[in-house]
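Novice: Right, I'll just put the structure down here and ask away after.
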Amino acid sequence: MTIPPKLTLPAQRWSRRPPSRVPTFTMPGWGRALARGAAMRCPACGQASAFANWFVIRARCPHCDAPLGLVPCDTLPPYLTIVIGLAIIGAGLLIADRDGGLRYTTSLIVFIPLAIVLQLSLQRPIKGIVLAMMMKLDLIRSGIGPDDPNPAVR
């Protein structure tokens, strides 16, 4: 019986992140990136709009080619919008009814439309801030291609 030869593998460097096909782009500092996100602009360049329509983020920035559509900011902005909006509505309701004289129908007529308008007006700036935060933290999906599950890239 013969002993098989010892296999030697070449030394490899392993990184925590696989090699990415995402183009490189430069991000500004935290304050400027978050301000650009709150203004609903591209966090990288600040020149173009980050949104293709009311809620959908563009696949790429037309000015700097930053991969905006690869940033997974789909679920956090609605939760933040609900928490912030309901905190504002709750505080307003407590202030309006501090003496107990606010009628139930009056509160429904005033605060339900106010809640809807507040949620719709906060959604885009909060989504822009989350987009800027995730781009600054380099939380970007790595795949670009026909098999990519992100519909914004196709």
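Novice: Please verify whether the stretch 75-90 includes one or more residues that are assigned to a loop (DSSP other than H, G, I, E, B) and either touching a Ser or Thr at 6+ places or on another chain (Cβ under 8 Å) or under 20 Å from Trp30 (Cα atoms) (or both).
Specialist: Checking the stretch 75-90: not a single residue is assigned to a loop (DSSP other than H, G, I, E, B) and either touching a Ser or Thr at 6+ places or on another chain (Cβ under 8 Å) or under 20 Å from Trp30 (Cα atoms) (or both).
Novice: Could you go through the stretch 101-110 and let me know if any residue there is of a type in the set (A, V, I, L, M, F, W, C), loosely packed, with under 12 Cβ neighbours inside 10 Å, without any contact (Cβ under 8 Å) to a residue 24 or more places away in the chain and out of contact with any helix residue (DSSP H, G or I) (no Cβ under 7 Å at 6 or more places or on another chain).
Specialist: Yes, there is a match, as at least one residue in the stretch 101-110 is of a type in the set (A, V, I, L, M, F, W, C), loosely packed, with under 12 Cβ neighbours inside 10 Å, without any contact (Cβ under 8 Å) to a residue 24 or more places away in the chain and out of contact with any helix residue (DSSP H, G or I) (no Cβ under 7 Å at 6 or more places or on another chain).
Per-residue answers, yes or no, for (1) touching a Cys at 6+ places or on another chain (Cβ under 7 Å); (2) under 25 Å from Arg41 (Cα atoms); (3) surrounded by 14 or more Cβ atoms within 10 Å (Cβ to Cβ):
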residue: Phe55; (1), (2), (3): no, yes, no
residue: Arg58; (1), (2), (3): no, yes, yes
residue: Ala66; (1), (2), (3): yes, yes, yes
residue: Val71; (1), (2), (3): no, yes, yes
residue: Pro77; (1), (2), (3): no, yes, yes
residue: Leu80; (1), (2), (3): no, yes, yes
residue: Ser121; (1), (2), (3): no, yes, no
residue: Arg124; (1), (2), (3): no, yes, yes
residue: Asp138; (1), (2), (3): no, yes, no
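Novice: Can you name the residue in the stretch 1-37 that is among the hydrophobic types (A, V, I, L, M, F, W, C) and farther than 30 Å from Gln47 by Cβ and is also modelled with the highest pLDDT among such residues?
Specialist: Among them, the one singled out is Ile3.
Novice: Let me ask another. Scan the stretch 101-129 for residues that are closer than 16 Å to Leu86 by Cα and of a type in the set (Phe, Trp, Tyr) and report the count.
Specialist: The number of residues fulfilling the criteria is 1.
Novice: Go through the stretch 53-91 residue by residue and tally those that are closer than 27 Å to Ala115 by Cβ and either in contact (Cβ under 8 Å) with a residue 24 or more places away in the chain or within 11 Å of the chain's Cα centre (by Cα) (or both).
Specialist: The qualifying residues number 18.
The values are calculated or read from the model by the stated rules, or taken from the named source; none is laboratory data. Not measured: the values here are computed from a predicted model. Every residue, glycine as well, gets a Cβ built from its backbone with ideal geometry; the counts of neighbours run over all protein chains shown.
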